[in-house]
1. Pick out which of 72, 56, 32 has the largest mean-square fluctuation in a Gaussian network model of the chain, springs linking Cα atoms closer than 10 Å.
2. Non-local amide H neighbours of residue 7 (under 5 Å, H modeled in plane, Pro and chain starts lacking H): which ones?
3. How big is the accessible area of residue 82 in square angstrom, nearest 10, if you roll a 1.4 angstrom probe over the protein chains?
4. Counting only protein heavy atoms and using a 1.4 Å probe, what share of the accessible area of the range 6-78 belongs to carbon plus sulfur, as a whole percent?
5. Can you work out ³J(HN,Hα) from phi for every residue in the range 77-90, in order, using Karplus 6.51 cos²θ - 1.76 cosθ + 1.60 and θ = phi - 60°, giving whole Hz and x for Gly and Pro?
6. So, for the chain, what is the accessible surface per residue at a probe of 1.4 Å, expressed in square angstrom?
7. Which of 108, 22, 62 sits closest to the plus end of the dipole of the chain, meaning its Cα is farthest towards the positive end, when Lys and Arg get +1 and Asp and Glu get -1 on the C-beta?
8. Taking 0.36 nm per intervening residue step and subtracting the Cα-Cα distance, what contour gain separates residue 33 from residue 93 on full extension?
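The values are calculated or read from the model by the stated rules, or taken from the named source; none is laboratory data. All values reported here derive from a predicted model rather than from experimental measurement. Cβ sites come from the backbone with ideal geometry, for glycine too, and all protein chains shown count toward neighbours. Just so you know, the surface numbers come from the protein's heavy atoms only, side chains and all, with ligands and any DNA or RNA stripped out. Shrake-Rupley method; radii C 1.70, N 1.55, O 1.52, S 1.80 Å.
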Amino acid sequence: MPQIRDRIVELRRVKASSLIHNRKNWRVHNKPQREALRGVLEEIGYAGALIVRETPDGLQIIDGHLRAETTPNQEVPVLVLDLTEEEADKLLAVYDPLSAMAQPDQDALLALLRDVQFDSQ
């Protein structure tokens, strides 16, 4: 089995508005998703880091565009990766689709939802 590399260089906290949006981002965020994310961030806060890479112009977002847009004036956690542009494009293309391939266990989800209550709609 080949050695699997750790591409994370560091965890930083940076102002979200200073991050460079990736012009190749193919995900579109609709109003219900924006409202849902805002509600979760307001109720729970940041529980995961945005994924970025260092470029000559600054930190470029690979994953976390909507979180950055939602909290532009806040310092947010970012994982800085040592990816080339080509590698970043590959990660951008597969990051969410890989997660979407997981099969939901409806019974486990319903059991979890019975125990979870949110203040936000």
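1. Sorting by GNM fluctuation, first place goes to 56.
2. Hits under the 5 Å cutoff: none.
3. In the full protein context, residue 82 sits at about 80 Å².
4. Numbers: 2200 of 4370 Å².
Taking all protein chains in place, the range 6-78 shows 50 percent carbon and sulfur surface.
5. Ordered by residue, 3J(HN,Hα) equals x, 10, 8, 8, 9, 9, 9, 6, 4, 5, 5, 5, 4, 4 Hz.
6. Working: 8730 Å² over 121 residues.
Per residue, the chain has an accessible area of 72 Å².
7. Of the candidates, 22 comes out farthest on the positive side.
8. Numbers: separation 60, 0.36 × 60 = 21.60 nm, distance 1.99 nm.
So the extension gain works out to 19.6 nm.
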